[in-house]
Amino acid sequence: MTEPFEHKLREHLRGEASRVTRLPDPVADGVRAGIGGRRFPGPRALAPAAIALVFFVLLGVGLSGKLGGNTLAGKTPVGAGAPSPSFPATASPSALPSPPGSHPPPPPARCDQAKSAASSLAGHLVSVRAAGQSGFDRVVFEFTSAGLPEYQLTPQSSATFTQDASGRQVNMQGNAGMRVLFPHATEQGTYTGPTDLKPGLPLVKELGNIGDFENVLSWGIGLNGSNCYRVSELQSPPRLVLDFATP
Amino acid sequence: MLMQPAMDRVVARAKSGDREAFDEVVARYGLQVLRVARLIVRDDALAEDVCQETFIRAWRHIDTLRDDDPSHWLTRIATRESLSAYRRRHRFDALAERAGRFMPGSRPASSEERLDLGRALDRLTSEQRAAVVLHYYEDLDVETAARMAGIPVDTMKSRLKSALRRLRELTGDEEAV
């Protein structure tokens, strides 16, 4: 073991570390949201919050039909908008996890089926996670850097799902559900997490794989109460984010 | 690492469930956690995710914090969170590492192949890198570093030894074996 080499290594590590000069605001915001604490939106966060607030006020006076179809990160989930449940006007749509950079306003909530724009991009699922936030439960599907594949979101009135290929019925916890279908994706070879999660959240009770066959990937979400949701697409890494407003 | 004078009181308040106090803990130790995560996972976005997860996990398990200074406790959570996140993100690389493929470290680098230390660190396994970060960046002794990583002391010694040998090979250090 040579002293000079170890010294050089120490110096290098310190130099690398010193290039990280501050904790980005979205990270601290995400922690606050993650632990259910008060939010302290700074000037950077106030603009999207204000836009979101105005948007939800407009929804409340019946203008939602004219303003539906909001987008995030350049992609537009297609399908008609539906009556919105009460979501908090959060300043950060990416509380968990957090992308770098500024955030656009959150998209509107909906209770009907949604589809992304058609795409033949092959997706490879990396992780699925759920976390309770202030005013909503969040579910995140993360994909490899190849990109976010096409998806279809179908709310349903029960937490019973039909497994792809086998046709077997899968009963999840909850009294409502959401089927998340990726018609050109798989988790084989990239996803190492559990295929059945019970996060113990107020609204999101269970998540489970209900199909991964011939590049058609399906997950079911068992919900306790409303299956109305807000959908966002985030990049770096590619993520599909579903927020369910808690009572 | 020296604490700011009032930090022990802030930590005590956080332990009693005061979220605003925990916010101060995040402000005080956030950069330290982010730097450790960045050194291990080698990716800005992933390091930010790790940092966020570290503090959320820390809050949920704050009853396990025994010291007034949470620095080592947070580093331990961040290290383990970094390794988990890196494994999830780079599963194929991890499999290849275990299978011994794509590991050009078995021979010394020729002058054309020599890497700078940054790129050489990229080529270590995540476990080797975590060992290096704990021992050489955090300046922890081998026993403490092993405890942080949740591994036996002998394993930590072995990882440090293999990491140094590989770094020397990759950078073409004259003392490389």
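Every number here is computed from the coordinates shown, using simple stated rules; none is lab data. All values reported here derive from a predicted model rather than from experimental measurement. All Cβ positions, glycine included, derive from the backbone under ideal geometry; neighbour counts span all protein chains shown.
Tell me the label-point distance for the pair A:K198, B:R57, using the 7 Å Cα-to-Cβ offset, in nm and rounded to one decimal.
2.3
In whole percent, what relative contact order does the range A:122-247 give with Cα contacts below 8 Å and a gap of six or more residues?
On the way: 344 pairs, mean separation 38.9, N = 126.
Answer for the range A:122-247 is 31 percent.
For a quick protection proxy, order the peptides A:174-186, B:6-18 by their average other-Cβ count within 10 Å, most packed first. Intermediate results must be reported in sequence, preceding the final value.
Details: A:174-186: 20.2, B:6-18: 15.2.
Listed from highest to lowest mean packing, they are A:174-186, B:6-18.
With a sphere of radius 11 Å drawn around the Cβ of A:T195, what net charge do the other residues whose Cβ falls strictly inside it have (Lys, Arg +1; Asp, Glu -1)? Kindly include the intermediate steps, with their values, before the conclusion.
Numbers: positive: none; negative: A:E187, A:D196, A:D212.
Neighbour charge sum, excluding A:T195 itself: -3.
Obtain the nm distance between the two label points defined at A:T162 and A:C111 by a simple spin-label model: each point lies 7 Å from its Cα along the Cα-to-C-beta direction.
2.5
Can you give me the three principal axis dimensions of the range A:145-197 from its C-alpha atoms, in Å, biggest first?
35, 21, 21
Ranked highest first by the average count of other Cβ atoms within 10 Å around their residues, in what order do A:195-202, B:122-129 fall?
Numbers: A:195-202: 14.8, B:122-129: 19.5.
The peptides rank, most packed first, as B:122-129, A:195-202.
Based on the mean of other Cβ atoms within 10 Å per residue, sort peptides B:20-27, A:9-16 so the most packed one is first. Please report the intermediate quantities before stating the final value.
On the way: B:20-27: 18.8, A:9-16: 16.5.
Put in order of decreasing packing, that is B:20-27, A:9-16.
Can you tally the net charge around A:S226? Count Lys and Arg as +1, Asp and Glu as -1, for every other residue whose Cβ sits under 15 Å from the Cβ of A:S226. Mind showing how you got there, number by number?
Details: positive: A:R110, A:R138, A:K205, A:R230; negative: A:D112, A:D137, A:D243.
It works out to a net charge of +1.
Count, for each residue of B:30-38, the Cβ atoms from other chains sitting within 10 Å of its Cβ, then give me the mean as a whole number. Could the numbers behind the result be given before it?
Numbers: counts 6, 5, 3, 2, 7, 9, 2, 1, 4.
Taking all residues of B:30-38 together, the mean is 4.
Using +1 on the beta carbon of Lys and Arg, -1 on that of Asp and Glu, and nothing else charged, what's the dipole of the range A:126-247 about the Cα centre, debye to 20? Walk me through the numbers on the way to the answer.
Values: 8 positive and 11 negative charges, 68 e Å.
I would put it at about 320 debye.
What does the average come to when, for each residue of peptide B:54-61, you count the partner chain Cβ atoms lying within 10 Å of its Cβ?
On the way: counts 2, 8, 10, 1, 2, 6, 2, 0.
Per-residue shielding by partner chains comes out at 4.
To the nearest whole number, what is the average tally of beta carbon atoms from other chains within 10 Å of the beta carbons of peptide A:118-129? Before the final figure, lay out the partial values.
Values: counts 0, 0, 0, 0, 0, 0, 0, 0, 4, 3, 0, 2.
That average works out to 1.
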